[in-house]
Amino acid sequence: MAQFTRNNRIDPYKNFKFRVYFAGMPDPIAGMSKVGALKRTTEAVSHRDGGDNSTPRHSPGTSKFEPITFERGVTHDPAFEDWANLVYSTNGDASVSLANFRRDLRVDLLNEQGVIAKSYLIFRCWVSEYTALPELDANANATAIEMVTVQNEGWVRDLDVREVAET
């Protein structure tokens, strides 16, 4: 089995140890239970070189970042609801102010000891879908889940965190 060169880790990180932060906030978002995949797709643009018309060549085109879904158990913390309400109001479009509807997020992946192993910064996110309450079922023994789907304009790995994970 191949070993990771940075910290001699043999097995992959567990996917249930993570924290999500609004950029600039010291505390993580409460009750976070699931984060969707960070997915980027780059379009392939086909073209032909001048003297070789029989073989198409491919170059990278524009990149697209997929929406990300965040889920957590319903809590008294209004963070998701307040953020989602920045793009919607029952008083009509004239009462909606888009001044601060975009937020940067940070997702930290933790190792077994609870130390940050990897961190990603997600840029210019805004809520495109909000679920305040799931379908309620009195017979089910499940947790009520609040969900937001956010559009984003890209993400990068936070390389400053690498030094923390290596020590």
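The values are calculated or read from the model by the stated rules, or taken from the named source; none is laboratory data. Worth saying up front: this structure is predicted, and the values here are computed from it rather than measured. Note that each Cβ is placed from the backbone with ideal geometry, even for glycine, and that neighbours are counted across all protein chains shown. When the accessible area is computed, the model is the full protein with side chains, heavy atoms only, and any ligands, DNA or RNA have been set aside. Shrake-Rupley method; radii C 1.70, N 1.55, O 1.52, S 1.80 Å.
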I'd like the full set of residues that are touching a helix residue (DSSP H, G or I) at 6+ places or on another chain (Cβ under 8 Å), within 19 Å of Phe16 (Cβ to Cβ) and not hydrophobic (A, V, I, L, M, F, W, C), limited to segment 104-153. Asp108, Asn111, Lys118, Ser119, Glu146
Residue among Thr62, Thr149, Thr75, Thr69 that is touching a Pro at 6+ places or on another chain (Cβ under 9 Å) and not small (Gly, Ala, Ser): Thr149
Would a scan of segment 84-103 turn up a residue that is closer than 22 Å to Val161 by Cα, touching a Phe, Trp or Tyr at 6+ places or on another chain (Cβ under 9 Å), assigned to a strand (DSSP E or B) and not hydroxyl-bearing (Ser, Thr, Tyr)? yes
Positions within segment 7-34 being open to solvent by 60 Å² or more (accessible area, probe 1.4 Å), at pLDDT 80 or above and more than 14 Å from the chain's Cα centre (by Cα), in sequence order: Gly24, Met25, Pro26, Asp27
Taking segment 43-79, which residues are without any contact (Cβ under 8 Å) to a residue 60 or more places away in the chain, in contact with a strand residue (DSSP E or B) (Cβ under 8 Å, 6 or more places away or on another chain) and either surrounded by 13 or more Cβ atoms within 10 Å (Cβ to Cβ) or of a type in the set (Gly, Ala, Ser) (or both)? Ala44, Ser46, Ser59, Gly61, Glu66, Ala79
Residues in segment 40-61: is at least one part of a loop (DSSP other than H, G, I, E, B) and at pLDDT 90 or above? no
Verdict on Pro67 being within 19 Å of the chain's Cα centre (by Cα) and under 26 Å from Gly154 (Cβ atoms): yes
